[in-house]
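Here's the structure we're looking at; comments come further down.
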Amino acid sequence: IGRNGFLLCTVAEAGEIVANGSPKARPDDTPARIGFNADMAPREGAPFMATFYSAPCLAGWRPYAGFRVYAVLPMAEITQVGNALGAIVILFVVFVAFAFFATRLISLVSRLKTFIAAEKDRVQKDMAMATTIQRSSLPVTFPDNDRFKIFALMDTAREVGGDFYDFADFPDGRELFLIADVSGKGVPAALFMMKAKATIRAAVAEKKTLSEAITLANDRLAAENDANMFVTAWIGL
């Protein structure tokens with residue numbers, strides 16, 4: 001806007017700066033630092049005098065989606081015009097520029113809302129698939145014979161979680177049973193749960209005794225565990 005004019009966007013209530021088009025703008029700018037007091041602004045659209053970066057300026061504002069967007073023009077540029085008609089022309093340019101900016105902002109927000117909705121839908125579908133995959137990794141056919149009966153159910157706090165159970169038949173007639181709880185919740189716990197379940201079952205198949213199997217599983221889970229996650233397990237034969 002002119003040579004040194006700019007657009008400024010603030011949070012309507014708090015006055016916090018969220019976008020600053022001034023050539024003097026800095027990332028740490030605050031209304032106090034640039035010398036602007038939002039309480040001084042009159043009603044919407046009415047031009048008013050204010051100080052920005054120690055320079056007297058003519059400004060006006062429009063609301064949009066919880067924000068205030070200010071159009072700012074230094075008085076030095078108006079006085080250089082030399083007559084009232086020139087000042088009116090400059091003010092007209094200021095608000096034409098503002099109207100253009102507001103239209104672009106509305107379009108941007110609309111596209112952003114569409115993107116957020118699509119992304120939310122994608123995440124929900126991914127999480128639903130993750131829930132299905134995790135539940136299908138757990139035994140769903142339970143032994144029922146004269147010696148014992150087994151039944152288990154996992155109900156996660158979120159879509160996926162870190163709790164799991166397992167059991168398996170051995171050729172010699174023994175039965176392995178396992179109940180475990182991974183640290184944390186959600187996706188990280190679910191990923192470590194899948195790894196822990198497979199690691200423990202593989203170790204039991206490799207070793208002759210349960211103590212050897214659990215020692216081997218512990219060593220494998222501790223290796224390359226940059227996330228420092230762990231699992232508490234109750235296991236028996």
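Only the coordinates and a few stated rules stand behind these numbers; no lab work does. A quick note: this is a predicted structure, and the numbers were derived from the prediction, not measured. Virtual Cβ from ideal backbone geometry, glycine too; neighbours counted across all protein chains shown.
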Students often get this wrong, so check it: of 149/185; 149/197; 149/208, which have C-alpha atoms separated by over 28 Å?
149/185
Estimated vicinal HN-Hα couplings, Hz - region 155-169 in sequence order (Karplus 6.51, -1.76, 1.60; Gly, Pro = x):
10, 6, 5, 10, 4, 10, x, x, 7, 7, 9, 7, 7, 7, 8
Using θ = phi - 60° and Karplus 6.51 cos²θ - 1.76 cosθ + 1.60, couplings along region 210-219 (whole Hz; Gly, Pro as x):
5, 5, 5, 5, 5, 4, 5, 4, 4, 4
Note down the Stokes-Einstein diffusion coefficient of region 103-237 in µm²/s, whole number, using a Kirkwood radius over alpha carbon pairs, 37 °C, and 0.692 mPa s.
190 µm²/s
So for region 127-206, considering every pair of alpha-carbon atoms, how many percent are separated by more than 17 Å?
48 percent
Any residue on another chain or 5+ positions along whose placed amide H is under 5 Å from the amide H of residue 67 is listed here as 12
Label point 7 Å beyond Cα of residue 158 along Cβ direction - residues of region 172-197 with amide nitrogen under 20 Å
180-197
Karplus-derived 3J(HN,Hα), 6.51/-1.76/1.60, for each residue of region 133-138, Hz, glycine and proline x
5, 5, 5, 6, 7, 9
